[in-house]
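Reading through the structure tokens given below for one structure.
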Amino acid sequence: MSMYFGWRGTVGIVKPSYRPHALQDFMNLVPDGVAVIPNRLGAREGSDQEFERLGTIVEERVAELVDVGADVVVISGTPITTTTGGLEGDAKLRADLEKKHGVPILTATQLAVDSFHALGVKRMLIIDYIADQVVRGKFAQLFRDAGFEVTDHEFFTLEGSGVPFGDLGKIPPQEVYAFAKKAYLNTPDVDAIYLLGSGWRVLPIVEVLENDVNTTVVTNLSHELWGIRKQLHIDEPLEGYGRLLRELP
């Protein structure tokens, strides 16, 4: 029996880390009437080995959310499913969990691919903060496998900002804006900039960056909020956070 209830739907979300801001931003921007039940995996390092280990407990976290009444579950954090089999592994995980629990399962990987297709993106510039080269290589390959051209893949250096993996939320959005704008101007022939990762607070600069460089900008929170609206059949755009949430393609 459900312990929680949202009159427009109840969303369970599995967050990769304990950072509070990513969950707070998600909960603040879901439509009114949608309840959110959070769960955590506990990422602390951002390494390939850690993501592989956390991938083994995703099913347990999903089961806990379904047990307390989630109508749909979002597995946040692209690395969690990317490191355990790429697109095929991600699709199998979703299919297995949906068959077992009888509720829709959305993953960051699937939502990123689907939202970029909905936006008509062909060529993208990826910017992320993951220092592990193995993980970053898997990111790029995943999107190539999905049919996109990754023209460049930039690393927003934590060493330069002096912020460890666990404190990514402390990076000023303005720093990410400046870095992304410079990277785009060096590789302008792309349809989209993907600010990949749920650890940094970049949604506030998405629309500003879109307007200034005249291209689509998407981050993990963008496609999670888009996916929830689509899954729950809620046609409620969000103004001020970029094209994806404004147009809901």
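Bear in mind these aren't lab numbers, they're just calculated from the coordinates by the rules spelled out. Just so you know, these numbers come straight off a predicted model, no measurement behind them. Cβ atoms come from the backbone with ideal geometry, glycine included; neighbour counts cover every protein chain shown.
When Trp226, Trp7 are ordered from fewest to most other Cβ atoms inside 10 Å of their Cβ, what list results? The partial results should precede the final answer.
On the way: Trp226 25, Trp7 9.
In increasing order of surrounding Cβ atoms, one gets Trp7, Trp226.
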What order do you get for Leu106, Leu23 when you list them from fewest to most C-beta neighbours inside 10 Å?
Leu23, Leu106
If I model a spin label as a point 7 Å beyond the Cα along the Cα-Cβ vector, how far apart are those points for Arg40 and Val68 in nm?
1.3 nm
How large is the translational diffusion coefficient of segment 172-211 in µm² per second when you combine the Kirkwood radius over alpha carbon pairs with Stokes-Einstein at 37 °C and 0.692 mPa s?
311 µm²/s
Ranked by Cβ crowding within 10 angstrom, fewest neighbours first, how are Leu97, Leu87 ordered?
Leu87, Leu97
Nearest-0.05 FRET efficiency for Leu185 and Glu247 at R0 = 25 Å, using Cβ-Cβ distance, is 0.50
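Quick check: net charge around Phe179, other residues with Cβ under 12 Å of its Cβ, Lys/Arg +1 and Asp/Glu -1?
Details: positive: Lys181, Lys182; negative: Asp128, Glu154, Glu175.
Charge balance in the 12 Å sphere: -1.
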Candidate lysines for bridging to Lys15, where Cα separation is under 19 Å - those fewer than 8 sequence places away on the same chain excluded:
Lys170
The answer for the net charge of residues other than Glu98 whose Cβ lies under 14 angstrom from its Cβ, with Lys and Arg +1 and Asp and Glu -1, is 0
